[in-house]
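The values are calculated or read from the model by the stated rules, or taken from the named source; none is laboratory data. These numbers were taken from a predicted model, which means no experiment stands behind them. Virtual Cβ from ideal backbone geometry, glycine too; neighbours counted across all protein chains shown. Only protein heavy atoms, including side chains, enter the accessible area calculation; ligands, DNA and RNA are left aside. Shrake-Rupley method; radii C 1.70, N 1.55, O 1.52, S 1.80 Å.
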Amino acid sequence: MSSIQTVKNYINGKWIASSSGKTTANTNPAHTDEVLCYTPLSTKEEAQEAIAVAKAAFPSWKSTPAPQRGKLLFKAMHLLQERIEDVAAALTKEEGKILREAKGEIQRALNIMEYTAGEGRRLKGSTIPSELPNTFIYTIRQPIGPIGLITPWNFPVAIPIWKIAPALLAGNTVVFKPATITPITAQKIVEIFEAAGFPAGVLNLVYGSGSAIGDEIVNNHNIHGVSFTGSCEVGNTVYSQASRHNARVQCEMGGKNPLIVLNDADLKLAVEGAIQGGFGSTGQRCTAASRVIVEDSIADTLVDMMLMRMENFKVGDGMKPETDMGPCVDENQMNTVLKYIDIGKGENARLLKGGKRLTEGLYAKGYFVEPTLFDYVLPTMRIAQEEIFGPVISVIRVKDFEAAVAAANGVQFGLSASLYTNDLSKAMKFVDNADVGKVHVNSPPIGGEAQAPFGGIKATGIGPRECGSETFEFYTEIKTVYVDYTGKKREGNIY
Ligand code: NAD
């Protein structure tokens, strides 16, 4: 254990070893005998200390002009750009996604930093006409205070950045709790903010379990806002607990995203979208295309084309350039995926390809599962309803466009949806009627651009959207100001 580092908390500008003495091993999911580091299971007292520090740092950070905060963020962006190879390799090693995807994720983080830093020169309020003479009404945006950011493992760079960047830019201070299984990327992000010159106490990092550190952040009355991304189960608890003490809460949670293929679609394009959307990042995306909903008349052709495309889809270590898909992130996640494959078989969905753990040769020491394709999945089956979060695509055959939309909407989640068609009228009807926060026409449901809002409805999302200018709906309070320069007592109606 001695030569492998135990990562440290970052509190008040110092890297401090946790006093808990308890750690968990962070292993490479492609080579499970490779321990990358140990993650401390910090104590609640350490979280309380970080929260107290964030509270103390708030007044001075709040009064730092927003354009100056933006300048620091630009600096952090440049540092991340310089370190992209190093951060990408760390991401692939601890999360498992292939290096190309890791770099893509970091590029997304860079775009978010660029966009958000520029907002330091805007962060606009508005002017409002008054019904009274010589009265000026305007609004200003102010930070909400110390904020807790709780993040999942599947986008361990982009998600923390899309929370930390706007939180800090708006003048809030932060206590960041990453997932325990992706500690190195979290460390590298915070190192970059430190090197950029963010003042001590403004950004704090505490490693540890959800039940200790997460719970403290959510329930501590000095935390004025909680932005959470993760599972519905945890998110719903976070929401109910944090809102009890009137903290502002934002939760982005699970998805079960449909990709509809209509009979006039460009099938080659649709197949690429389905494979990339369903198996990219090993299906461990909240926006993964886990349901392919297809019109009966073209279903056989589409399925044959998908099977052909899967023939040369290479599973392996994400560090190797020839790999298309890496391992599941850990044993738990792999077992969940295998459990759902069994459930699908038990539900009499037709397993066309995949379905097994890979254990031979190169795969012997990793959490690799074959890309898996089920056909004749009914919209009501569990594999069509529940989030699997792995490389499993369910093909659902429907008779027409209306049935496709009904199937797409017939789940508890509402994150992202996509439709492949050349029929503009059907595309626009789908845009109007899809019960989701984000629609893609002729591209898979994954991803999102920095300047556009991101998030879901129904069981997926609580609170305002992330990213884009909408992100500041969460990270700022609006203050309305009335300035009366009549110099006289107000006459007439008093409201
Ligand atoms: P998770 O809910 O298990 O954990 C998320 C975070 O919450 C972790 O940091 C965890 O330690 C913490 N946590 C756990 N229990 C807690 C508690 N009681 N109080 C406070 N915090 C607690 O999720 P995960 O397995 O890390 O991530 C996968 C999930 O995230 C999937 O459901 C996926 O769809 C979702 N996700 C959603 C989006 C989105 O934007 N909608 C993006 C990425 C991932």
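What the table below lists for this structure:
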item	result
Within the stretch 221-241, tally of residues that are more than 17 Å from the chain's Cα centre (by Cα) and open to solvent by less than 30 Å² (accessible area, probe 1.4 Å)	2
Close pairs (7 angstrom Cβ cut-off, 6 or more residues apart or separate chains): of a type in the set (F, W, Y) in the stretch 106-134, open to solvent by 40 Å² or more (accessible area, probe 1.4 Å) anywhere	Y115/Q451
Of all residues making up the stretch 371-383, the number that are closer than 18 Å to A406 by Cα and touching a helix residue (DSSP H, G or I) at 6+ places or on another chain (Cβ under 8 Å)	6
Qualifying positions in the stretch 383-427 - part of a loop (DSSP other than H, G, I, E, B) and among the hydrophobic types (A, V, I, L, M, F, W, C)	I388, F389, V411, L415
Number of the exception - K163 against (1) away from the ligand (no atom under 14 Å from the Cβ); (2) touching a residue at least 24 places away in the same chain (Cβ under 8 Å); (3) of a type in the set (D, E, K, R); (4) more than 30 Å from K488 (Cα to Cα)	(1)
Residue list for the stretch 208-239, filter: among the small types (G, A, S) and within 11 Å of the ligand (Cβ to nearest atom)	G208, S209, G210, S211, A212, G214, S227, G230, S231, G235
Leading residue by the ranking (farthest from the ligand (Cβ to nearest atom)) among those in the stretch 143-160 that are outside any loop (DSSP other than H, G, I, E, B) and out of contact with any Pro (no Cβ under 8 Å at 6 or more places or on another chain)	P143
Checking R285 against (1) within 16 Å of the ligand (Cβ to nearest atom); (2) assigned to a helix (DSSP H, G or I); (3) of a type in the set (K, R), the condition it does not meet	(2)
Hits in the stretch 242-276 - residues which are open to solvent by less than 10 Å² (accessible area, probe 1.4 Å), out of contact with any helix residue (DSSP H, G or I) (no Cβ under 9 Å at 6 or more places or on another chain) and part of a helix (DSSP H, G or I)	G273
Among the residues listed as V249, V261, the single one being within 16 Å of the ligand (Cβ to nearest atom), in contact (Cβ under 8 Å) with a residue 12 or more places away in the chain and of a type outside the set (F, W, Y)	V249
Of residues in the stretch 39-86 being more than 21 Å from G13 (Cα to Cα), under 25 Å from the mean Cα position of the chain (by Cα) and not charged (D, E, K, R), the one most open to solvent (accessible area, probe 1.4 Å)	Q81
Near pairs, Cβ below 6 angstrom, 6+ apart or cross-chain, from the stretch 317-341 (of a type in the set (F, W, Y)) to any residue that is assigned to a loop (DSSP other than H, G, I, E, B)	Y340/I388
Members of the stretch 135-149 that are buried (at least 19 other Cβ atoms within 10 Å of the Cβ) and either closer than 29 Å to E49 by Cβ or free of Cβ contacts under 8 Å to residues at least 12 places away in the same chain (or both)	P143, I144, G145, P146, I147, G148, L149
Close pairs (6 angstrom Cβ cut-off, 6 or more residues apart or separate chains): free of Cβ contacts under 8 Å to residues at least 40 places away in the same chain in the stretch 208-235, open to solvent by 30 Å² or more (accessible area, probe 1.4 Å) and more than 7 Å from the ligand (Cβ to nearest atom) anywhere	N219/Q241; H221/H245
Filtered residue count, the stretch 308-319, keeping only those that are open to solvent by 40 Å² or more (accessible area, probe 1.4 Å), assigned to a loop (DSSP other than H, G, I, E, B) and either over 14 Å from P29 (Cβ atoms) or out of contact with any helix residue (DSSP H, G or I) (no Cβ under 9 Å at 6 or more places or on another chain) (or both)	2
Matching residues, the stretch 438-458, being within 12 Å of the ligand (Cβ to nearest atom) and open to solvent by 30 Å² or more (accessible area, probe 1.4 Å)	G448, P453, I457, K458
Residue that is open to solvent by 10 Å² or more (accessible area, probe 1.4 Å), touching a strand residue (DSSP E or B) at 6+ places or on another chain (Cβ under 8 Å) and away from the ligand (no atom under 13 Å from the Cβ), where the choices are K103, K124	K124
Residue within the stretch 387-404 that is open to solvent by 50 Å² or more (accessible area, probe 1.4 Å) and within 16 Å of the ligand (Cβ to nearest atom) present	yes
Selected residue (only one of V292, V329, V337 is of a type in the set (A, V, I, L, M), within 25 Å of the chain's Cα centre (by Cα) and away from the ligand (no atom under 16 Å from the Cβ))	V292
One residue from E82, E46 being free of Cβ contacts under 8 Å to residues at least 24 places away in the same chain and not assigned by TED's automatic domain parsing to the domain that holds S281	E82
Residues (open to solvent by less than 10 Å² (accessible area, probe 1.4 Å) and farther than 17 Å from G447 by Cα) located in the stretch 465-479	F472, F474, Y475, T476
Flag if G468 is assigned to a loop (DSSP other than H, G, I, E, B), among the small types (G, A, S) and under 30 Å from L267 (Cβ atoms)	no
